[in-house]
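Data first, discussion second: the structure below is written as structure tokens.
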Amino acid sequence: MNAHEFLCGSTDLDEGQFRESRATIDGEVRYLILTRHQDAVRAWLNVCPHQGRPLNWAPDQFLTDGNGNLVCAVHGAVFECDQGRCVSGPCRNASLTAVEIEEREGFVRLK
Ligand code: FES
């Protein structure tokens, strides 16, 4: 992992917003999902535990349900925003893979 790699600016991530970012983790370029939930920034690999596909339907475009949960665009698995656990759909109880990040001095970076 490239510690402290820049992911986005703090002002680029509003409460409840999801966005895509790229990071080099263990020497590989990986795509991440970033979100801000209850004022804390969270990140997961953009890999659905159902079939390993990205969750977004277009670059930087993610679906949510009426409760603000993240919805996989491929088969509709629903993930809660605090732990990334699937609460509905074909991979119920599986979780997205969390990525350690930090928000400091107006930037979100890998930890
Ligand atoms: S790949 Fe995400 S629900 Fe099937």
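Quick note: the coordinates plus some simple rules give every number you see, no bench work behind them. This one's a predicted model, so the numbers in the text were calculated from it and none came from an experiment. Please note: Cβ atoms are built from the backbone with ideal geometry, for glycine as well, and neighbour counts cover all protein chains shown.
Enumerate the amide H contacts of I101 below 5 Å, restricted to partners 5 or more residues apart or on another chain; note that Pro and chain-start residues carry no placed amide H.
So I101 has HN proximity to K111.
For a footprinting-style exposure proxy, rank T64, T35 by other Cβ within 10 Å, fewest first.
So the residues, fewest neighbours to most, are T64, T35.
Which whole number of Å³ per residue matches the convex hull of the alpha-carbon atoms in the chain?
Dividing the Cα hull volume of the chain by its residues yields 89 Å³.
Listing F79, F62, F6, F18 from the residue with the fewest other Cβ atoms within 10 Å to the one with the most, what is the order?
Going from least to most buried by this count: F6, F62, F18, F79.
Please list, in order along the stretch 4-10, the HN-Hα scalar couplings obtained from phi with the Karplus expression 6.51 cos²θ - 1.76 cosθ + 1.60 (θ = phi - 60°), rounded to whole Hz, x for Gly and Pro.
Each residue's phi maps through the Karplus curve to give 6, 4, 5, 10, 6, x, 4 Hz.
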